[in-house]
Amino acid sequence: MGSLILRHDPFDSHPLRAGEGLLEATEWLDILLKSGRGIQIDLKEGGETAERLIRLLKDRRVPEERLWFTTNLKDIALEDYARLAREFPNVPVQSAIPLRFMFQDMSAAERSEWLALNRAVGVRHLAMSWYEEPVAEELDELRKAGFGVHFFYVNSAKDILTAATLKPNSITSDFHVPEWGLFGRGSGENGFYLEKA
């Protein structure tokens with residue numbers, strides 16, 4: 001049985017690079033627990049990986065008020081979503097959604113049914129890519145359906161300020177905004193990290 005690793009991309013599509021270190025889950029979890037900060041976990045695999053993560057969080061007695069889960073229906077099964085919500089009933093569960101597909105390819109009835117399915121497995125928050133250009137009317141529909149609204153890939157000073165005017169619950173950014181004195185590295189998606197200029 002392997003280790004739980006903090007890494008954006010799977011090893012089958014992005015093999016370990018020369019010089020790349022591995023951050024094991026118990027190590028990063030213990031560091032975050034000592035920091036007193038909240039812990040948002042973006043779960044990329046369900047099944048045994050989800051089961052092992054749940055066991056680790058329970059074994060470490062992580063307070064529910066410190067946790068937040070994010071995942072995606074393309075990555076994990078509905079049952080894994082439901083399990084997270086059952087095991088941690090007071091922890092927000094967030095799903096990343098294909099915003100443009102929802103509003104261009106789904107009818108209003110299909111969208112309502114899909115949102116009801118998410119609600120049924122414990123999802124209460126929806127995250128969407130800023131690249132999909134969310135608009136206020138779409139966000140209003142999601143909020144009226146009972147969901148919190150969150151943006152990710154909000155990565156420039158202009159986009160951060162524009163996104164804030166839509167009043168999301170949260171904004172996820174690489175925070176690589178040199179004009180603000182911020183030099184984030186990014187998530188490491190596709191093996192890419194930002195570098196301080």
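The values are calculated or read from the model by the stated rules, or taken from the named source; none is laboratory data. Note that this is a predicted model, so its numbers are computed, not measured. Methodologically, a virtual Cβ is constructed for each residue, glycine included, from the backbone with ideal geometry; neighbour enumeration extends over all protein chains shown. Just so you know, the surface numbers come from the protein's heavy atoms only, side chains and all, with ligands and any DNA or RNA stripped out. Shrake-Rupley method; radii C 1.70, N 1.55, O 1.52, S 1.80 Å.
Report the residue count in the stretch 142-184 for those that are within 16 Å of Ser95 (Cα to Cα), open to solvent by 60 Å² or more (accessible area, probe 1.4 Å) and modelled with pLDDT of 95 or more.
Final tally of qualifying residues: 2.
Consider the stretch 52-78. How many of its residues are out of contact with any strand residue (DSSP E or B) (no Cβ under 9 Å at 6 or more places or on another chain), assigned to a helix (DSSP H, G or I) and touching a residue at least 12 places away in the same chain (Cβ under 8 Å)?
Residues meeting the conditions: 7.
Take Phe101 and decide whether it is open to solvent by less than 30 Å² (accessible area, probe 1.4 Å), outside any loop (DSSP other than H, G, I, E, B) and among the aromatic types (Phe, Trp, Tyr).
no
Suppose the filter is loosely packed, with under 15 Cβ neighbours inside 10 Å and not basic (Lys, Arg); does Ser107 pass it?
yes
Residue check, Glu45 against (1) part of a helix (DSSP H, G or I); (2) of a type in the set (Asp, Glu); (3) open to solvent by 80 Å² or more (accessible area, probe 1.4 Å), all met but one. Which one?
(1)
Test Ile31 against the criterion of being in contact with a helix residue (DSSP H, G or I) (Cβ under 9 Å, 6 or more places away or on another chain) and either among the hydroxyl-bearing types (Ser, Thr, Tyr) or at pLDDT 85 or above (or both), and give yes or no.
No; evaluated as a whole, the condition is false for this residue.
Give me the residue from the stretch 66-81 that is in contact with a Pro (Cβ under 9 Å, 6 or more places away or on another chain) and open to solvent by 50 Å² or more (accessible area, probe 1.4 Å) and, out of that set, nearest to Pro98 (Cα to Cα).
If we take residues in the stretch 66-81 being in contact with a Pro (Cβ under 9 Å, 6 or more places away or on another chain) and open to solvent by 50 Å² or more (accessible area, probe 1.4 Å), then Lys74 is nearest to Pro98 (Cα to Cα).
Which is within 17 Å of Leu43 (Cα to Cα), in contact with a helix residue (DSSP H, G or I) (Cβ under 8 Å, 6 or more places away or on another chain) and of a type in the set (D, E, K, R), of Asp75, Asp80?
From the options Asp75, Asp80, the qualifying one is Asp80.
If a residue must be out of contact with any helix residue (DSSP H, G or I) (no Cβ under 8 Å at 6 or more places or on another chain) and not hydrophobic (A, V, I, L, M, F, W, C), how many such residues does the stretch 1-28 contain?
The number of residues fulfilling the criteria is 11.
Yes/no matrix, rows are residues, columns are (1) of a type in the set (A, V, I, L, M); (2) surrounded by 16 or more Cβ atoms within 10 Å (Cβ to Cβ):
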residue	(1), (2)
His8	no, no
Leu33	yes, no
Arg37	no, no
Ala50	yes, yes
Ile54	yes, yes
Leu57	yes, yes
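If we keep just the residues of the stretch 10-31 that are acidic (Asp, Glu) and open to solvent by 70 Å² or more (accessible area, probe 1.4 Å), which is nearest to Ser173 (Cα to Cα)?
Among those that are acidic (Asp, Glu) and open to solvent by 70 Å² or more (accessible area, probe 1.4 Å), it is Glu27.
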